[in-house]
Amino acid sequence: MEEKKEMSTEEIKMDNDPKGEGKEKATSPLREVLSWVVTLLAAFALAMVLKNYVIINATVPTGSMEHTIEPGDDLFGLRLAYQFSEPKRGDIVIFRFPDDETQKYVKRVIGLPGEKVTIEDAKIYINDSETPLKEDYLKETWTEATGPFEFEVPKDSYLVLGDNRNDSYDARYWDHTYVSKDKIIGKAYFIYYPFQRLGSLYK
């Protein structure tokens, strides 16, 4: 009579699960969790890189840039805007306030490096031009601190003013008049909130 061979517990398990599917099922949830963790960490790292090196968000709390920017508007800008180009007259820039670099300000570029900027009777003249700068973006008739002022913009620096000249704390009043290029954080491009004001800052 043929003797039956008794199978071990391990052999029975292997016999019932010849492809090892039980082990795979046990590890599958762990793999899925790890996959989600890796994805979330990668997304977080990408968001931090974009926030610190590519884009910039700013909220303007005052009316110094009305009507271009209203109090409470949230702005989107690019930190890399001036890595390969220079700020231009008319650009709206986000920068570190020269008198207190812990604060960030938003103003419009008026004077470029090396330029002479003269303000007389609420008109701006560049390099002794007889034709005043065209400023369609001003909120209203300019009546406060209308001049005379004369600025000699240093190399690698900019003269910036607010669009609401009657209520803007800008280069006309600062102790450190000019904004050096290395203190410009980025260029503001458009308003993204509130949604009813969504749109470009440059008409």
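Worth pointing out:
- Note on the range 93-191: semi-axes of the ellipsoid equivalent to its C-alpha gyration tensor, largest first and rounded to whole Å, are 21, 16, 13.
- Around the amide H of residue 74, modelled in the peptide plane, lie the amide H atoms of 192, 193, all under 5 Å away and 5 or more residues distant in sequence or on another chain.
- Of the trypsin sites (Lys or Arg not before Pro) found in the range 107-143, those that fall in a DSSP loop while having at most 10 other beta-carbon atoms within 10 Å are 134.
- Peptides 70-79, 151-160, ordered by how many other C-beta atoms sit within 10 Å of their residues on average, highest first, read 151-160, 70-79.
- Lysine pair count for the range 117-203 with Cα-Cα distance under 19 Å and sequence separation of 8 or more or different chains is 7.
- Separation in nanometres of the label points that stand 7 Å from Cα toward Cβ, at residue 78 and residue 173: 3.3
Here, each number is a calculation from the coordinates, and none is a lab measurement. Quick caveat: nothing in here was measured; it's all calculated off a predicted structure. Because the Cβ atoms are built from the backbone with ideal geometry, glycine has one as well, and the counts that use them run over all protein chains shown.
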